[in-house]
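Since the structure comes first, as structure tokens, the remarks are kept for the end.
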Amino acid sequence: MYNVRVERSAGYAGIAFIVLTLLSAFLPGVSPQPSASAIEVSAFVGSHHATWLISAWLGFPAIAFFLWFIVQLRAFLRLVPGEDDGLPTYLLAAAIVMSTMILVDVTAQILLGWLAPVQLDAPAIRVLWTFFNAAGAVIFAPATIVIFTASHSARRHNSMPPWVIYWGYLASLGCAIASLSILFTSGFLQMAGIGSLVIGLLPFAIWVILASITLIREPRATAQTSV
């Protein structure tokens, strides 16, 4: 039997994912630049040890909320007349890859938290620090697919409000541009810099919130669907 509460819970889960993600990103404070020296990285992680590790741990419940949001969003998008075009399944696959990359990034953060202040030499700290920032940049690649496939499926079947769909297209473009941060060592678009936040993370966060509100306010029983 169809349960509206289940789908709405996924909408709340999407909002919880964004809250935890932003809290995790800003809890330790302003991190050193990706090009920072090993001494700077070690000093920062050592002086923010507790908040650094709490920030990493928040990634675990964030992933749980994100996957529940995605599973129900996929179900929402698949409830359309006619043949399934495969886009919702592509959405789920990309979300799983994205969750895996978040776990990889969190693992690097945990290793930095425990080893950088006391046990690693300078080259090892630099490698682990670069890996941590690079993994964060790579996350934007599957995020681009997640947003684009959801938005394109919703547009094809008119299953979301137009303003949510077109914001999704814009946010997917922003994430694609943010993934290019791996090419820059300085400036606005440098890896893990302010450009990634403004162009990639914030539009992505807004899209998740808009899609979550859609799940809360327009469950499948009332959503408009058409080929």
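The values are calculated or read from the model by the stated rules, or taken from the named source; none is laboratory data. Remember, predicted model here, so these are calculated numbers, not experimental data. We place every Cβ from the backbone using ideal geometry, glycine too, and count neighbours over all the protein chains shown.
Filter the stretch 17-70 down to the residues that are touching a Pro at 6+ places or on another chain (Cβ under 8 Å), touching a residue at least 24 places away in the same chain (Cβ under 8 Å) and not hydrophobic (A, V, I, L, M, F, W, C) and list them by number.
Ser42, Gly46, His49, Thr51, Ser55 - these are the residues of the stretch 17-70 that are touching a Pro at 6+ places or on another chain (Cβ under 8 Å), touching a residue at least 24 places away in the same chain (Cβ under 8 Å) and not hydrophobic (A, V, I, L, M, F, W, C).
For the stretch 50-63, which positions are surrounded by 15 or more Cβ atoms within 10 Å (Cβ to Cβ) and either among the aliphatic types (A, V, I, L, M) or within 18 Å of Ser151 (Cα to Cα) (or both)?
Once the filter is applied, which keeps residues that are surrounded by 15 or more Cβ atoms within 10 Å (Cβ to Cβ) and either among the aliphatic types (A, V, I, L, M) or within 18 Å of Ser151 (Cα to Cα) (or both), the stretch 50-63 yields Leu53, Ile54, Ala56, Leu58, Ala62, Ile63.
Would you tally the residues in the stretch 195-208 being surrounded by fewer than 21 Cβ atoms within 10 Å (Cβ to Cβ) and over 12 Å from the mean Cα position of the chain (by Cα)?
Residues meeting the conditions: 2.
Just wondering, is there one or more residues in the stretch 113-133 that are buried (at least 19 other Cβ atoms within 10 Å of the Cβ) and out of contact with any helix residue (DSSP H, G or I) (no Cβ under 8 Å at 6 or more places or on another chain)?
yes
For residues that are crowded, with 19+ Cβ neighbours inside 10 Å and either part of a helix (DSSP H, G or I) or not aliphatic (A, V, I, L, M) (or both), tally how many sit in the stretch 183-194.
Looking only at that region, the number is 2.
Report yes if some residue within the stretch 120-130 is over 14 Å from His49 (Cβ atoms), assigned to a helix (DSSP H, G or I), modelled with pLDDT of 95 or more and among the hydroxyl-bearing types (Ser, Thr, Tyr); otherwise report no.
No, the stretch 120-130 has no match at all.
Given the criterion touching a Phe, Trp or Tyr at 6+ places or on another chain (Cβ under 6 Å), among the small types (Gly, Ala, Ser) and part of a helix (DSSP H, G or I), identify the matching residue among Ala137, Ala143.
Criteria check complete, one pass: Ala143.
Within the stretch 77-88, can one find any residue that is crowded, with 20+ Cβ neighbours inside 10 Å and either within 18 Å of the chain's Cα centre (by Cα) or more than 23 Å from Ile145 (Cα to Cα) (or both)?
yes
With the structure loaded, tell me whether Ile147 is within 30 Å of Leu87 (Cβ to Cβ) and not polar (S, T, N, Q) or whether it fails that test.
yes
What do you reckon, is Leu73 farther than 21 Å from Leu20 by Cβ, of a type outside the set (Lys, Arg) and touching a residue at least 40 places away in the same chain (Cβ under 8 Å)?
Considered against the rule, which asks whether it is farther than 21 Å from Leu20 by Cβ, of a type outside the set (Lys, Arg) and touching a residue at least 40 places away in the same chain (Cβ under 8 Å), Leu73 comes out as no.
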